[in-house]
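Heads up, the thing below is written out as structure tokens.
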Amino acid sequence: MQLLENFARDLYRAMRQLTRSREFALMAILTLACGIGANSAIFSIVEAVLLRPLPYRHPERLVVVWQTDAAHRDSGAYFNTYREFDVWRLQNRNFEKLAALSWASGPRTLLWQGKPIDVLTIPASVDFFSMLGQSAQIGRTFAPRDLQYGCTVVLAYNFWTRKLGAPDDIVGHNLSFGKTSCVVTGIMPKTFTFYPVTTDAWSLITPTGEFAQKPWNSMTGVFGLLKPGVTRAAAESELTAIQDRVLPEAPPDLKIMRTLTPDVLDLQSNFTWLAGRNLRKGLWLLLTASGLILFMASLNVGSLLLGRSTARSRELAVRVAIGATSRRIVLQALTESLLLGFLGSVAGLALAAILVQWFRAANPSNCLPAPASPSTGPCFCSRQPPE
């Protein structure tokens, strides 16, 4: 009890001292706020972008497969053909699921309530959502029985709410994309995103669609869920062997394919690379720089406290003369320092919150490249983002 009373008394005196020295208090608090705010904001961003696991089931086993050459072994260089994906899906033994998804198809136009709306619709195979372990918030995701229909779509939550006005009865009804009528099977949760984050809807790749009808000319990314215990190297070796067996079927004008091999990459690392080739390095450098800023801020505040203690030497001498013990003086000084640290931390966390909100609004980690327009005729589209 006596200890709490002494602390309350010291805290009151510390508040009075800081009130009397407002310029010193304001300078110390702002210095700490800058150091703590910058460090906290950058660490929050690093944790969210680089350290936090992807919000899917079994994120440690999720991979992406690209075609690569010797110069792009760590990042992949090109899309796969749909034919390669189809053969991999049927013949592999190292994946629980393989799914195709392509952003090389470009936007489509939806006629909604008599008005045309540009829609970024991403073609995806039937196992795409189940591979990620994701369910729809309303309705359902793709199912094998949907393969017999002409067109099936799953809507993104933001598209459903912001562009369509969140109609309750849209699941099970048809939407007109140009001359194509597509049935809506479900709406994904608000928290669900995948590359690219601007996706409005996912359309099912069917056996009667363009991908299946022109498998060597249709380009797609391939995403997979490895079986437990399977390494990326083992999966890559298997896919290479399967691809070598199917390559003789390729048209003569796809000569580049014979110089490429599958590249199985960790999905989270590849997402970071897609968001910016130097994003990972840049964030770690920013975190190091913010740590140095915090260190310098602490040194500056320490210097301010040392200078203030020198200026208060007469006051301290008077306090000793009237009976104050060294212990009481040290505890009073410690309380003042703790109060400064607390106020600086509160201001710093407030600054960090503002910086993180700005980062989310600017969205640099999710400013992923817009879908590439498909080339005319047979092609092998590069999937690398622009410099």
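Yes or no: the stretch 141-154 includes at least one residue that is surrounded by 20 or more Cβ atoms within 10 Å (Cβ to Cβ), closer than 16 Å to Trp202 by Cα and either of a type in the set (D, E, K, R) or within 23 Å of the chain's Cα centre (by Cα) (or both). Among the residues of the stretch 141-154, at least one is surrounded by 20 or more Cβ atoms within 10 Å (Cβ to Cβ), closer than 16 Å to Trp202 by Cα and either of a type in the set (D, E, K, R) or within 23 Å of the chain's Cα centre (by Cα) (or both), which makes the answer yes. Looking at Arg312, Arg308, Arg319, Arg383, just one residue is out of contact with any Asp or Glu (no Cβ under 6 Å at 6 or more places or on another chain), modelled with pLDDT of 70 or more and either outside the structural domain of Ala8 (by TED's automatic domain parsing) or surrounded by 13 or more Cβ atoms within 10 Å (Cβ to Cβ) (or both), and that residue is Arg308.
Just one of Phe194, Phe128, Phe159, Phe211 is in contact (Cβ under 8 Å) with a residue 40 or more places away in the chain and more than 25 Å from Gln67 (Cβ to Cβ); which is it?
Working: Phe194 fails: more than 25 Å from Gln67 (Cβ to Cβ); Phe128 fails: more than 25 Å from Gln67 (Cβ to Cβ); Phe211 fails: more than 25 Å from Gln67 (Cβ to Cβ).
That would be Phe159, the only listed residue that is in contact (Cβ under 8 Å) with a residue 40 or more places away in the chain and more than 25 Å from Gln67 (Cβ to Cβ).
Is at least one residue of the stretch 183-190 in contact (Cβ under 8 Å) with a residue 12 or more places away in the chain, part of a loop (DSSP other than H, G, I, E, B) and surrounded by fewer than 19 Cβ atoms within 10 Å (Cβ to Cβ)? For the stretch 183-190, residues in contact (Cβ under 8 Å) with a residue 12 or more places away in the chain, part of a loop (DSSP other than H, G, I, E, B) and surrounded by fewer than 19 Cβ atoms within 10 Å (Cβ to Cβ): present.
Checking each residue in the stretch 221-264 for being more than 27 Å from the chain's Cα centre (by Cα) and part of a strand (DSSP E or B) picks out only Thr261.
Mind listing just one residue for me: the one in the stretch 95-104 that is part of a loop (DSSP other than H, G, I, E, B) and either small (Gly, Ala, Ser) or not assigned by TED's automatic domain parsing to the domain that holds Val222 (or both) and, of those, surrounded by the fewest Cβ atoms within 10 Å (Cβ to Cβ)?
Here the answer is Ala104.
Lys190 meets all of the listed conditions (1) at pLDDT 90 or above; (2) under 23 Å from Pro116 (Cβ atoms); (3) of a type outside the set (Phe, Trp, Tyr); (4) under 26 Å from the mean Cα position of the chain (by Cα) but one, namely (2).
Is it the case that some residue within the stretch 278-292 is at pLDDT 80 or above, assigned to a helix (DSSP H, G or I), surrounded by 12 or more Cβ atoms within 10 Å (Cβ to Cβ) and assigned by TED's automatic domain parsing to the domain that holds Trp216? No: the stretch 278-292 contains no residue that is at pLDDT 80 or above, assigned to a helix (DSSP H, G or I), surrounded by 12 or more Cβ atoms within 10 Å (Cβ to Cβ) and assigned by TED's automatic domain parsing to the domain that holds Trp216.
Can you find a residue in the stretch 179-188 that is hydroxyl-bearing (Ser, Thr, Tyr), assigned by TED's automatic domain parsing to the domain that holds Asp146, in contact with a Cys (Cβ under 9 Å, 6 or more places away or on another chain) and under 22 Å from Thr109 (Cβ atoms)? Yes, the stretch 179-188 has at least one match. Exactly one residue out of Leu226, Leu239 is modelled with pLDDT of 95 or more and touching a Lys or Arg at 6+ places or on another chain (Cβ under 6 Å): that is Leu226. Checked against the criterion of being in the same structural domain as Pro262 (by TED's automatic domain parsing), free of Cβ contacts under 8 Å to residues at least 24 places away in the same chain and in contact with a Ser or Thr (Cβ under 9 Å, 6 or more places away or on another chain), the stretch 215-226 contains not a single residue that satisfies it.
Out of Thr161, Thr141, one residue alone is assigned by TED's automatic domain parsing to the domain that holds Ser269 and closer than 20 Å to Arg57 by Cα. It is Thr141. Of all residues in the stretch 239-261, those that are touching a residue at least 40 places away in the same chain (Cβ under 8 Å) have Cβ atoms under 7 Å from Cβ atoms of residues that are in a helix (DSSP H, G or I) and among the charged types (D, E, K, R), 6 or more apart or on another chain, in Gln243/Glu84; Val246/Arg83; Val246/Glu84.
Can you tell me which residue in the stretch 195-216 is farthest from the chain's Cα centre (by Cα), limited to those that are more than 19 Å from Leu147 (Cβ to Cβ) and either modelled with pLDDT of 90 or more or surrounded by fewer than 18 Cβ atoms within 10 Å (Cβ to Cβ) (or both)?
So the first thing to find is which residues in the stretch 195-216 are more than 19 Å from Leu147 (Cβ to Cβ), and the list is 195-200, 216.
Checking which are either modelled with pLDDT of 90 or more or surrounded by fewer than 18 Cβ atoms within 10 Å (Cβ to Cβ) (or both) leaves us with 196-197, 199-200, 216.
Working: Pro196: 11, Val197: 9, Thr199: 15, Asp200: 18, Trp216: 32 Å.
Filtering the stretch 195-216 for residues that are more than 19 Å from Leu147 (Cβ to Cβ) and either modelled with pLDDT of 90 or more or surrounded by fewer than 18 Cβ atoms within 10 Å (Cβ to Cβ) (or both), the one farthest from the chain's Cα centre (by Cα) comes out as Trp216.
For the stretch 184-227, the tally of residues that are more than 22 Å from Asp263 (Cβ to Cβ) and not aliphatic (A, V, I, L, M) stands at 19.
Of the helices (runs of 4 or more DSSP H) lying entirely inside the stretch 1-94, those containing at least 1 residues that are outside the structural domain of Thr261 (by TED's automatic domain parsing) span 2-20, 22-46.
The values are calculated or read from the model by the stated rules, or taken from the named source; none is laboratory data. Owing to the predicted nature of the structure, the values given are computational and were not obtained by experimental measurement. Quick reminder, even Gly has a Cβ in these numbers, built from the backbone with ideal geometry, and neighbours come from all protein chains shown.
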